[in-house]
Structures are given as structure tokens and as C-alpha cells.
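The values are calculated or read from the model by the stated rules, or taken from the named source; none is laboratory data. Keep in mind the model is a prediction, meaning the values are calculated, not measured. Every residue, glycine as well, gets a Cβ built from its backbone with ideal geometry; the counts of neighbours run over all protein chains shown.
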Amino acid sequence: MSRSNALVCQYIERLSSGMLEQYAHFVRDLVEGRHGVYALYNRDKLYYVGLATNLRGRLGSHLKDRHKGLWDRFSVYLTVNHGHIKELESLVIRIAQPKGNRKGGKFANSENLARSLRRLYRAHQAAEWAELIGKRRDKPIGREKRRGKARRKRTKEPKPALVRRFERAVPLRAVYRRKVYKARLRTNGTIRVGRESFNSPSAAGTAVVGRAVNGWSFWLYERAPGQWVRLRELRRK
């Protein structure tokens, strides 16, 4: 991989904190005005991870702020494309969980697969149970299902189908008759189109085009940077 395609272009690791105090001009010449991710260590144990667009200034501040005296070595990783350093910092924090970081790392527009995994596991359990009992239906289970249906009928408005699928709001888009429509899927599962909110993808799609549509096929969401897929892909997980 050429340096121009690399995420980290330069780095230096496990320098003594005394370098910042005694030879600050050396550090300044190397990192001043540069952006990247840095790590603080306490006796070779990771203590804190951060990012900065001015690394020298940020490192110097940690000699005086709440981290003073809690670290003795530091590493610096200079990046080429600063558009990803926030996610890089979050990734390290979530994996290493440094003691000095008060907040956990968050990923913007990322899907948590825990719910999908839970659904797969429950489907597996149901199939396994059906196999064990010879696919018989016990009366108590039937009564529970009937009661569940009765409760759903009494509910005036259905719950949003996409509630808590993502940790943050996710942009949606659709193309119909060469026109692009935009919406936003919020964490509570509702889809915001202009000033209106809808509990289902189909209701949101129908509202923007003026005719009935299957919202799961109509709307696309960005699963990864530059990768737009239809909402129905969420049902297959």
C-alpha cells in the first residue's frame, strides 16, 4: 500500500512524558498543526486515548489538566484523512476501554447487530423446540397467542417497526420517477419526512409519492460509507 492510500502516515510510540517538558521544540517540529490519534500510558498500561487537530497543544495540556501525573509515556499516530479519526478513536476506546476516558466511543450511522443476533437465536430456539415436541401446539401457547392478538387489536397506533435499530439517526433516500426523496430514520423508529413523522416505511413512502408503496423496498439507508441498500435488508438479519 502506498503512503498516499494509508490511514496512518507517520507515528512514534512510547515516548517519555519528559520529552514534552524538556524537549518540547522537538515534538513541536514533528507534530505541530498535524491531526491524528494519541495514546497516554501509565507504566506501559494504556490510560487514555484521544484525537486532536493540534497534537502538540493537546499533549501539552495533559501535563496540567486532570490527567496530570497519571501518565508517563505517550504515542502519536498522524493520519492523512482526518475524516475517519473520530471513528478510529472510538474503535480504540471501545476495544481497550482506557481508564482515563470518561465517555465510551460512539459510531455515527452504524448499525448494532445485537438485535439481529437475538432474533436469529430466538428463531433457532423456536425451531429447535418445534423439533423436540414434534411440531405440536400446546393449548397454553395458543391462548397466549390469542391474547397477544387481542392486545394488538386494542392498540390504536402500532409501534414503529424500526425502533432502536440504530444508535443514531440515519439518513434515508429514495428515487421515484427520477426524483430523489430524502428522509431521516430516528432512534425511536419513526421516519421524519419534512415536518411529519411516520411509524412505518410504507406510510412514509406513500406520503411522499401520493400512492401506496412498499416502504421496505422504496427507502434505502447507508449501511456503510457509499453503500446504500434497501430497508428490507434489515428484515433478513
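Structure values in brief
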read-out	value
Those residues of segment 34-53 which are in contact with a helix residue (DSSP H, G or I) (Cβ under 9 Å, 6 or more places away or on another chain) and farther than 12 Å from residue 79 by Cα, in sequence order	39, 40, 46, 49, 50
Residues of segment 163-179 that turn out to be of a type in the set (A, V, I, L, M) and touching a strand residue (DSSP E or B) at 6+ places or on another chain (Cβ under 6 Å), as a count	4
Entirely in segment 5-96, the helices (runs of 4 or more DSSP H) that have 1 or more residues that are free of Cβ contacts under 8 Å to residues at least 12 places away in the same chain and not small (Gly, Ala, Ser)	18-22, 24-31, 85-96
Tally of residues being in a helix (DSSP H, G or I) and within 18 Å of residue 187 (Cα to Cα) across segment 197-232	8
Matching entry among 169, 212, 183, 130 (being surrounded by 17 or more Cβ atoms within 10 Å (Cβ to Cβ) and at pLDDT 75 or above)	183
Qualifying residue in segment 54-71 (condition: out of contact with any Ser or Thr (no Cβ under 8 Å at 6 or more places or on another chain), modelled with pLDDT under 80, in the same structural domain as residue 35 (by TED's automatic domain parsing) and of a type in the set (Ser, Thr, Tyr))	no
Some residue of segment 179-190 being outside any strand (DSSP E or B) and over 20 Å from the mean Cα position of the chain (by Cα)	no
